[in-house]
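Reviewing the structure listed below.
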Amino acid sequence: QVQLVESGGGLVQPGGSLRLSCAASGSICSISAMGWYRQAPGKQRELVALSISGGTINYAESVKGRFTISRDNVKNSVALEMNSLKPEDTAVYFCTARLSGLVYWGQGTQVTVSS
């Protein structure tokens, strides 16, 4: 079993910044990918950023140039630096990890961008 614990969400004004962090613990052998999805009210969960072992990083078009994902393979953790935040970035952000053919999710952390 793998547990993912997120931290760092909150309320920020448009144009502001936030940093999300996620740490994985439990029966971890080899994580093939870690990243972030988000879900806004009434919308489907969508990819924000994903770091795949080997160096590939995928970003949603809407966050390119504003968000940066970083991964620590030793600590089994991933972070998301979010800059120039917009009201449309408001959502619950979920950490995700893929290993041994399974996908794991954190409990989610709320990010609200509002003046």
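The values are calculated or read from the model by the stated rules, or taken from the named source; none is laboratory data. These figures come from a predicted structure and were not determined experimentally. We place every Cβ from the backbone using ideal geometry, glycine too, and count neighbours over all the protein chains shown. Heavy atoms of the whole protein, side chains included, go into the accessibility calculation; ligands, DNA and RNA do not. Shrake-Rupley method; radii C 1.70, N 1.55, O 1.52, S 1.80 Å.
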> Could you list, in sequence order, the residues of region 65-95 that are free of Cβ contacts under 8 Å to residues at least 40 places away in the same chain, β-branched (Val, Ile, Thr) and in a strand (DSSP E or B)?
Replying inline: 68, 69
> What are the residues in region 14-49 that are open to solvent by 20 Å² or more (accessible area, probe 1.4 Å), within 20 Å of residue 76 (Cα to Cα) and in contact (Cβ under 8 Å) with a residue 24 or more places away in the chain, if any?
Replying inline: 19, 21, 23, 25, 26, 27, 28, 29, 30, 32, 37
> Where residues in region 65-115 are surrounded by 13 or more Cβ atoms within 10 Å (Cβ to Cβ), out of contact with any helix residue (DSSP H, G or I) (no Cβ under 7 Å at 6 or more places or on another chain) and of a type in the set (Val, Ile, Thr), which of them is nearest to residue 45 (Cα to Cα)?
Replying inline: 92
> If we only count strands (runs of 3 or more DSSP E) wholly inside region 1-64, which ones have 1 or more residues that are aromatic (Phe, Trp, Tyr) and over 14 Å from residue 96 (Cβ atoms)?
Replying inline: 56-59
